[in-house]
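Visitor: Take a look at the following structure, please.
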Amino acid sequence: MQWASILLLAGLCSLSWAQYEEDSHWWFQFLRSQQSTYDDPYDPYPYEPYEPYPYGGEEGPAYAYGSPPPPEPRDCPQECDCPPNFPTAMYCDNRNLKYLPFVPSRMKYVYFQNNQISSIQEGVFDNATGLLWIALHGNQITSDKVGRKVFSKLRHLERLYLDHNNLTRIPSPLPRSLRELHLDHNQISRVPNNALEGLENLTALYLHHNEIQEVGSSMRGLRSLILLDLSYNHLRKVPDGLPSALEQLYLEHNNVFSVPDSYFRGSPKLLYVRLSHNSLTNNGLASNTFNSSSLLELDLSYNQLQKIPPVSTNLENLYLQGNRINESDLENVTEDQLSWERSQ
């Protein structure tokens with residue numbers, strides 16, 4: 001009987017050992033299972049509760065296990081910085097770059113300003129169609145090296161900075177979502193009528209410090225435009241028709257010599273008009289040119305005016321220094337409105 005018991009026990013042991021021969025790591029798995037109830041001090045990733053998602057509202061998105069971990073370094077080009085606390089931004093500015101690096105799909109804000117980039121190759125942004133801001137100012141970009149459809153697929157783009165480059169024309173086509181377009185300090189000489197076609201949501205257009213001689217009727221379709229800056233160009237005439245939503249118009253430092261009668265009536269919200277340093281004469285101004293009730297500030301300084309043109313009583317600031325106006329004519333405006341210095 002004793003020998004029978006010993007043989008039975010040996011058989012059970014052999015059966016138990018055979019159960020784990022197929023898995024050589026069963027002992028390690030057993031130890032790990034025993035530690036599941038407490039933290040392993042040597043575990044390089046100890047469990048910690050996730051912090052609330054810092055973007056997208058107070059409660060954050062509905063992730064089942066908290067907010068996602070920060071992106072891994074390989075998700076960012078080595079030439080740039082992608083801060084973990086701002087996972088949708090990529091900083092590649094001031095790095096002497098001569099090309100545009102790969103843009104990860106999660107990016108919404110990219111900064112390439114102040115480099116030596118000369119071209120925007122076709123398809124460079126195709127992987128990141130959710131971009132909202134693109135900063136490319138302060139580079140050496142030329143118009144013949146901008147991809148024909150490089151911006152057209154960015155259907156959410158709101159701000160595009162291309163100022164301080166070597167562009168000779170406005171890139172086209174541009175996405176309808178665009179709200180701000182910065183093209184100042186380039187070498188643009190003209191604005192064709194269809195150059196800004198479809199930009200119904202554009203609110204601010206910066207074209208100052210270029211070589212523009214005419215803009216034609218290219219501004220007519222910009223029905224949301226609030227600010228238009230065409231100062232420091234070579235314009236001889238004002239744009240053919242202004243958007244109805246326009247509030248600020250900057251045309252100083254051009255060669256404009258006349259403004260049509262009732263020119264500003266099509267823009268009933270217009271508040272600020274700057275026409276200083278042009279070639280305006282009284283013969284080039286109709287009697288009701290500036291008699292607009294919405295105007296609050298009008299700058300006509302440094303022109304060739306000999307008389308003060310009629311203005312609305314609602315006007316708060318009128319600048320006339322640097323003209324040929326006699327002091328006796330100053331009685332036509334109130335002292336509160338006028339800013340004038342004796343012509344030399």
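The values are calculated or read from the model by the stated rules, or taken from the named source; none is laboratory data. In this text, all values refer to a predicted model and were calculated from it rather than measured experimentally. Heads up, the Cβs are rebuilt from the backbone with ideal geometry, glycines too, and the neighbour counts pull from every protein chain shown. With ligands, DNA and RNA removed, areas are computed over all heavy atoms of the protein, side chains included. Shrake-Rupley method; radii C 1.70, N 1.55, O 1.52, S 1.80 Å.
Visitor: Restricting attention to the stretch 153-164, and to residues there that are in a loop (DSSP other than H, G, I, E, B) and in contact with a His (Cβ under 7 Å, 6 or more places away or on another chain), which single residue is most open to solvent (accessible area, probe 1.4 Å)? Give the steps one after another, and end with the answer.
Guide: Step one: list which residues in the stretch 153-164 are in a loop (DSSP other than H, G, I, E, B), which gives 153-158, 162-164.
Right, trim to in contact with a His (Cβ under 7 Å, 6 or more places away or on another chain) and you get 162-164.
Working: 162: 2, 163: 16, 164: 89 Å².
In this case the residue turns out to be 164.
Visitor: On to the next question. Does at least one position in the stretch 206-228 carry a residue that is open to solvent by less than 10 Å² (accessible area, probe 1.4 Å), under 20 Å from the mean Cα position of the chain (by Cα) and farther than 24 Å from residue 152 by Cβ?
Guide: No; the residues of the stretch 206-228 include none that is open to solvent by less than 10 Å² (accessible area, probe 1.4 Å), under 20 Å from the mean Cα position of the chain (by Cα) and farther than 24 Å from residue 152 by Cβ.
Visitor: Moving on. Looking at the stretch 245-261, can you tell me whether even one residue there is modelled with pLDDT under 95, surrounded by fewer than 20 Cβ atoms within 10 Å (Cβ to Cβ) and touching a Pro at 6+ places or on another chain (Cβ under 9 Å)?
Guide: no
Visitor: Separate question: Report whether or not residue 105 is hydroxyl-bearing (Ser, Thr, Tyr) and either in contact with a Gly (Cβ under 7 Å, 6 or more places away or on another chain) or over 19 Å from residue 199 (Cβ atoms) (or both). Let's see the steps before the verdict.
Guide: Values: hydroxyl-bearing (Ser, Thr, Tyr): yes; either in contact with a Gly (Cβ under 7 Å, 6 or more places away or on another chain) or over 19 Å from residue 199 (Cβ atoms) (or both): yes.
Taking the combined requirement at face value, the residue satisfies it.
Visitor: Right, here's the next one. Mind listing whichever residues of the stretch 167-183 are more than 19 Å from residue 215 (Cα to Cα) and either touching a Pro at 6+ places or on another chain (Cβ under 9 Å) or open to solvent by 50 Å² or more (accessible area, probe 1.4 Å) (or both)? Spell out the reasoning first.
Guide: Just the residues of the stretch 167-183 that are more than 19 Å from residue 215 (Cα to Cα), to begin with: 175-179.
Within the stretch 167-183, 176, 179 qualify.
Visitor: Report whether or not residue 94 is under 19 Å from the mean Cα position of the chain (by Cα), closer than 29 Å to residue 187 by Cα and surrounded by fewer than 16 Cβ atoms within 10 Å (Cβ to Cβ). Quick ask: steps written out before the conclusion?
Guide: Working: under 19 Å from the mean Cα position of the chain (by Cα): yes; closer than 29 Å to residue 187 by Cα: yes; surrounded by fewer than 16 Cβ atoms within 10 Å (Cβ to Cβ): yes.
Yes; evaluated as a whole, the condition is true for this residue.
Visitor: List pairs: first in the stretch 186-203 and open to solvent by 70 Å² or more (accessible area, probe 1.4 Å), second among the β-branched types (Val, Ile, Thr), Cβ under 6 Å, 6+ apart or cross-chain?
Guide: Between residues of the stretch 186-203 that are open to solvent by 70 Å² or more (accessible area, probe 1.4 Å) and residues that are among the β-branched types (Val, Ile, Thr), the close pairs are 187/168.
Visitor: Can I ask one more? Suppose the filter is closer than 22 Å to residue 200 by Cβ and either aliphatic (A, V, I, L, M) or touching a His at 6+ places or on another chain (Cβ under 7 Å) (or both); does residue 249 pass it?
Guide: Working: closer than 22 Å to residue 200 by Cβ: yes; either aliphatic (A, V, I, L, M) or touching a His at 6+ places or on another chain (Cβ under 7 Å) (or both): yes.
It is true that residue 249 is closer than 22 Å to residue 200 by Cβ and either aliphatic (A, V, I, L, M) or touching a His at 6+ places or on another chain (Cβ under 7 Å) (or both).
Visitor: Name the residue, out of 265, 236, that is of a type outside the set (S, T, N, Q), outside any loop (DSSP other than H, G, I, E, B) and surrounded by fewer than 17 Cβ atoms within 10 Å (Cβ to Cβ). So that I can check it myself, show each step before the final result.
Guide: Numbers: 236 fails: outside any loop (DSSP other than H, G, I, E, B).
Result of the check over 265, 236: 265.
Visitor: Tell me yes or no: at least one residue of the stretch 269-288 is more than 27 Å from residue 182 (Cα to Cα), open to solvent by 50 Å² or more (accessible area, probe 1.4 Å) and assigned to a loop (DSSP other than H, G, I, E, B).
Guide: Scanning the stretch 269-288, I find at least one residue that is more than 27 Å from residue 182 (Cα to Cα), open to solvent by 50 Å² or more (accessible area, probe 1.4 Å) and assigned to a loop (DSSP other than H, G, I, E, B), so the answer is yes.
Visitor: Also, quick follow-up: Are there any pairs with C-beta distances below 6 angstrom linking a residue in the stretch 168-182 that is within 18 Å of residue 229 (Cβ to Cβ) to a residue that is modelled with pLDDT under 95 and among the aliphatic types (A, V, I, L, M), with the two at least 6 apart or on different chains, and if so which?
Guide: Correct list of pairs: 170/195.
Visitor: For the list (1) part of a strand (DSSP E or B); (2) within 19 Å of residue 181 (Cβ to Cβ), I need the number of the one condition that residue 224 fails.
Guide: Going through the list (1) part of a strand (DSSP E or B); (2) within 19 Å of residue 181 (Cβ to Cβ), residue 224 breaks only (1).
Visitor: Just name the residue that is surrounded by the fewest Cβ atoms within 10 Å (Cβ to Cβ) out of those in the stretch 100-132 that are farther than 14 Å from residue 150 by Cα and in contact with a helix residue (DSSP H, G or I) (Cβ under 7 Å, 6 or more places away or on another chain).
Guide: The qualifying residue surrounded by the fewest Cβ atoms within 10 Å (Cβ to Cβ) is 118.
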